[in-house]
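Quick notes on the structure that follows.
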Amino acid sequence: MKKLKHIALCAAMLASLGSVQAPVHAQDKVVQDGIAVKPLSRVRVLVPEEQMNQAASQQYSEMLSQARQKGALVAAGDPQVKRLRAVAQRIIPHTPRWNQSAKNWQWEVNLFNSSQVNAFCMPGGRIGFFTGIIDQLKLTDDEMAAIMGHEIAHALREHGRERTAKSGITSLVARGAGALGSAIFGIDPSITNTVTGLVGQGVVLKFSRDEEREADLVGLDIAARAGYDPRAGIVLWRKMAMLNKGAPPEFLSTHPGGDTRIHDMEKHMNVLLPLYARAKGTTVNKLPPYRANVALK
C-alpha cells in the first residue's frame, strides 16, 4: 500500500510540472516594461547551482582545448569574433534583470570554425557561436543579437538546471507508473516501462518547447534593451525555415515550429518595440521598417 501511495504521489508531481513555466496567459501579455519577469522554476533547486556551473566550466574548457588542437578556434582578431564580442558587450549589462547571479558570471565569447548552424550559452555565461550560423544565415548584427539573446536567456532562466531536475523526476515517475501498471493489470513490466518511458519523454520534450518559447521572448527583450531591433527575430526564423525544410514535426521536436515562433514574436512586438525605440532615443512610430539583407520566400 505504501508503494502505491508513493507512485501516486510521483504521478501527481509529474502532472503538476506541466504548470511550471506555463505559456503566457492573456492577462500577462500587456506589461509596463517589456516581457513580464516571472519567478524561476522551483524545480531547479533539486540540482545544486554550483554543480551545474562546474560541469559547464569543465565542458567549455575541454571544448576550447580541443578546438585549439584542431585549429578550429577562431582567433580573437578575426572580424567575426570582434562582431560577436561587441554584440555581447552591449547585451550583457541587461542580463541581471532576468537573473541577479549574472552580475557575477565570468562571461566569455568564442567562435568555432564549424559548418554547424548553431550557437549556445552555458551556465555562467560561456558563449559559443559556430561560423556556419553566421555564414549560412548571413546574419546582420540585429539577427546575431537575437540569437545571442536567445541562448543567453536559456542560461539566465536556468533551463539546463531545470531540465536536469525534471528529467530525473520524469524518469522516476515513468518507472513507478510502469510498476503500477504491471502490478494492477498483470502487464509485462518490460512493455509498461517502454510505454511509460515514451510518455515521460513526451513530457520532457514539452518542457523543452516551452523553454524555447521563453528564450525567444526573453532573448529579444534583452537584445531590444541593448539597441538591437527585435523584428530581426522574425526575419531570422524565416531564414531558418529556408534551411530547415526537412525538420521534424513540431510535436516531436524540442523546438517549436518556425511559424509558431514567428507568431509568438509578432504577438509580443507591442512590448518589445518600445524597448528598442527607447534604446534608440525615439518612438515606435518613428522607427524605420526592418529590412532583411537577403530575399525571403
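The values are calculated or read from the model by the stated rules, or taken from the named source; none is laboratory data. If you're wondering where the values come from, they're calculated on a predicted model, not measured in any experiment. Glycine gets a Cβ as well: all are built from the backbone with ideal geometry, and neighbour counts include every protein chain shown.
Some notes on this structure:
- If you check 273, 220 for being over 17 Å from the mean Cα position of the chain (by Cα) and at pLDDT 85 or above, only one passes: 273.
- Candidate set: segment 108-146, residues that are among the small types (Gly, Ala, Ser) and over 30 Å from residue 33 (Cβ atoms); chosen: the one surrounded by the most Cβ atoms within 10 Å (Cβ to Cβ): 128
- Some residue of segment 23-41 being assigned to a loop (DSSP other than H, G, I, E, B), modelled with pLDDT of 70 or more and of a type in the set (Val, Ile, Thr): yes
- For segment 257-273, the set of residues classified as touching a residue at least 60 places away in the same chain (Cβ under 8 Å) and buried (at least 16 other Cβ atoms within 10 Å of the Cβ) consists of 268, 271, 272, listed by residue number.
- Qualifying residue in segment 101-119 (condition: at positive phi and among the charged types (D, E, K, R)): no
- No other residue among 283, 254 is at pLDDT 90 or above and hydroxyl-bearing (Ser, Thr, Tyr) apart from 283.
- Pick from segment 79-107, criterion among the hydrophobic types (A, V, I, L, M, F, W, C) and out of contact with any strand residue (DSSP E or B) (no Cβ under 6 Å at 6 or more places or on another chain), ranking: surrounded by the fewest Cβ atoms within 10 Å (Cβ to Cβ): 86
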